[in-house]
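Chemist: The structure is given below, and queries will be raised subsequently.
The values are calculated or read from the model by the stated rules, or taken from the named source; none is laboratory data. Remember, it's a predicted structure, so these values are computed and weren't measured experimentally. Backbone-built Cβ (ideal geometry, glycine too); neighbour counts: all protein chains shown. Areas reflect the complete protein model, heavy atoms only, side chains present, ligands, DNA and RNA absent. Shrake-Rupley method; radii C 1.70, N 1.55, O 1.52, S 1.80 Å.
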Amino acid sequence: MDDNRKIGQCSYSTPGGMAQHVRSIVYAKYKYRIYEAKTGKLIDEFDTEGVADCPPAVYIPQHAPSGREGSDMGTRPKGDRALPDLWKLRERLKPLVERPLGG
């Protein structure tokens, strides 16, 4: 569901700023299927694309060379997958959650 296209890059420094590390963010697409709990009936289906937001902190192994992409640090080969946009997902699901029962 993704094509490994680089859509962003995040830079991190070790404590004290001794080394700089770079992590790539690659494209990801998420497919959602929403089922009614009581009946198991499919009530909605949609896709969303991930966003290239950088996490505020990441684990950097002690032996990781500085200035290198995440793939050189033993992480996923092409980078970290873009995460779902949780605000957009919330807005998409909100009408389903708030709809009248039996509707």
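Chemist: Would you check which residues across the stretch 26-64 are modelled with pLDDT under 85 and more than 18 Å from Asp80 (Cα to Cα) and list them?
Modeler: Gln62, His63
Chemist: Also: For the stretch 24-33, how many residues meet the condition of being touching a residue at least 24 places away in the same chain (Cβ under 8 Å) and loosely packed, with under 14 Cβ neighbours inside 10 Å?
Modeler: Taking the stretch 24-33 first, the residues touching a residue at least 24 places away in the same chain (Cβ under 8 Å) are 24-32.
So of that shortlist, the ones also loosely packed, with under 14 Cβ neighbours inside 10 Å come out as 31-32.
Going through the stretch 24-33 one residue at a time, the tally reaches 2.
Chemist: Restricting the search to the stretch 46-60, which residues are closer than 15 Å to Lys88 by Cα and either over 19 Å from the mean Cα position of the chain (by Cα) or open to solvent by less than 50 Å² (accessible area, probe 1.4 Å) (or both)?
Modeler: Result: Phe46, Thr48, Gly50, Val51, Ala52.
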